[in-house]
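What follows is a short report on a single structure.
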Amino acid sequence: MTYRVAINGYGRIGQCVLRALYENGYRDHPVHGMAVVAINELANIDTLTYLTRYDTTHGRFPGQVSADETHLFIGDDRIRVFNQPDPREINWQDQNIDLLLECSGSFNDRTTANLHIDKGASRLLFSQPAKPDVDATIVYGINEEQLSPWHRIVSSASCTTNCIVPVLKTLHDTLGIDYGSMTTIHSAMNDQPVIDAYHQNDLRLTRSALHSIIPVDTGLAKGIDRLLPELSGRFTTSAVRVPTINVSCIDLTVQLSRDTSATEINRILQQATFGRLEGILGFTNEPHASVDFNHDARSCIVDGTQTQVSANRLVRLLCWFDNEWGFANRMLDVAGYWLAAVAKAAVAKAGVA
């Protein structure tokens, strides 16, 4: 079965979601194949087509891309393009949408999400952390079994949460975590100017993305509390932006509940890359730089060469992640799992009837 999916907001994540759909097999998955049938984006269709065909970070699109006045074509697949800033002006029902992927980053609340639901989108999946009143916040590989066919509005959390939560859960389940601290070292984003320019209230983000390491606010600690309540209140988090266009890392320090060693930590995390976290958590002992993880579909790659242990219990880890590509793939994993659960429930209901 192929599910009909729409994308609202065609920025970095929206573009990566569409590309991953074709490049990594989500389009033709035998159980939960997904086809993007509509995109809503304020940019005109010529710009949208050009940005699909050419990408500085991830290279040229691996397929034929063309367009007419109202449609984007990927090979023979036709995608209806809207240019509506107001969700109340889009009739998703006419497109028979099974799931709307909300990738605009413009809102994260249930009230606005319901505007899309009211216009015919059966379900909505946020590409960012949402308010607590959504039905669920999901990190694939950790809690996707919480998804219900009756959920309507769900969040895929953030790229940083998807990176660090598998590591924290693995360490806490095996060794126990007393408390910790982490710093996200994140590539520049499109809310930063190339040269100094006023555009928002955070004065640090008025400074050139090309010339500074810039501290920014982060809600990562809240994400950890929500997804791993057993670790609630045990972490402090901070973040800085650096002058690279993609691939980020988290510098993690944790105090463990028992003695350990760098060798044991690396063994535990390497073993965790198999089983449920296969393709989600990675491990390397090679001497890497950030560019080596560009276009890496995993949520996190632990750099074993950087693992350090002080006084037997204070552990430092370095965790790499492609903040665009890895997260886009996890968003599609969540979407596929959710839609498959919906289909299974529908079959069961039909069987009872």
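Laboratory data are not the source of any read-out in this text; all were calculated from the coordinates shown. Nothing here was measured: the structure is a model prediction, and the numbers come from that model. For neighbour counting, all protein chains shown are included, and Cβ atoms are generated from backbone atoms with ideal geometry for every residue, glycine included.
A compact table of results
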| read-out | value |
| --- | --- |
| For the stretch 1-32 versus the stretch 188-207, the gap between their alpha-carbon centres in whole angstrom | 30 |
| Using alpha-carbon coordinates, inclination of helix 325-352 to the longest axis of the chain, degrees | 60 |
| The chain - mean residue ellipticity at 222 nm from DSSP helices (-39,500 (n - 2.57) per run, n ≥ 4, rounded to 500) | -8500 deg cm²/dmol |
| J(HN,Hα) series, the stretch 279-290, from Karplus relation 6.51 cos²θ - 1.76 cosθ + 1.60, nearest Hz, glycine and proline x | x, 10, 9, x, 8, 9, 10, 8, x, 9, 10, 4 |
| GNM top mover of Asn44, Asn329, Asn162 - the chain, alpha-carbon springs below 10 Å | Asn44 |
| Pairwise Cα inverse-distance average, inverted: Kirkwood Rh of the stretch 17-134 (Å) | 15.3 |
| GNM flexibility winner over the chain from Asn108, Asn266, Asn91 (Cα, springs under 10 Å) | Asn91 |
| Length-normalised contact order of the chain in % [C-alpha pairs under 8 Å, at least 6 apart] | 16 |
| The stretch 231-288: trypsin sites (Lys or Arg not before Pro) in DSSP loop, at most 12 other beta carbons within 10 Å | Arg258 |
| Nearest-20 debye value, the stretch 50-126 charge dipole, Cβ charges on Lys, Arg, Asp, Glu | 160 |
| Total formal charge among the other residues, if their Cβ is under 15 angstrom from that of Ser122, Lys/Arg +1 and Asp/Glu -1 | -1 |
| For the chain, Cys with no neighbouring Cys Cβ under 4.7 Å | Cys16, Cys103, Cys159, Cys249, Cys319 |
| Within the stretch 1-71, chymotrypsin sites (Phe, Trp or Tyr not before Pro) in DSSP loop having at most 13 other beta-carbon neighbours inside 10 Å | Tyr54 |
| Electrostatic dipole magnitude of the chain [Cβ: Lys, Arg +1; Asp, Glu -1; Cα centre; debye, to 20] | 500 |
| Long-range HN-HN contacts of Ser155 with modeled amide H, under 5 Å | Phe126, Ala136, Thr137, Ile138 |
| Read-out semi-axes √(5λ) of the Cα gyration tensor in Å, derived from the coordinates shown; its label in [x] 39, 27, 18; [y] 28, 24, 22; [z] 34, 25, 19 | [z] |
| Most positive-pole-ward Cα, Ser261, Ser248, Pro287, against dipole of the stretch 159-323 from beta carbon charges | Ser261 |
| Rg to Rh quotient for the stretch 119-272, alpha carbon positions, Kirkwood Rh | 1.02 |
| Gaussian network model of the chain, Cα within-10 Å springs - most flexible of Met189, Met34, Met331 | Met189 |
| Percent of C-alpha pairs per 5 Å bin, the stretch 203-329, short to long | 2, 10, 15, 19, 23, 17, 9, 3, 1 |
| Per-residue HN-Hα couplings for the stretch 7-15 [Karplus 6.51, -1.76, 1.60; θ = phi - 60°; Hz; x = Gly/Pro] | 10, 9, x, 10, x, 4, 6, x, 5 |
| Given 15 as the ceiling on other Cβ atoms within 10 Å, longest exposed-site-free region of the chain for GluC sites (Glu not before Pro) in DSSP loops | 70-277 |
| Cα-Cα P(r), the stretch 26-68, percent of pairs per 10 Å interval | 22, 45, 30, 3 |
| Angle in degrees between helix 262-271 and the longest Cα principal axis of the chain, rounded to the nearest 10 | 30 |
| Whole-number percent relative contact order across the stretch 28-156, with pairs defined as alpha carbons under 8 Å at least 6 apart | 18 |
| For the stretch 275-342 and the stretch 46-67, distance of Cα centres in Å | 26 |
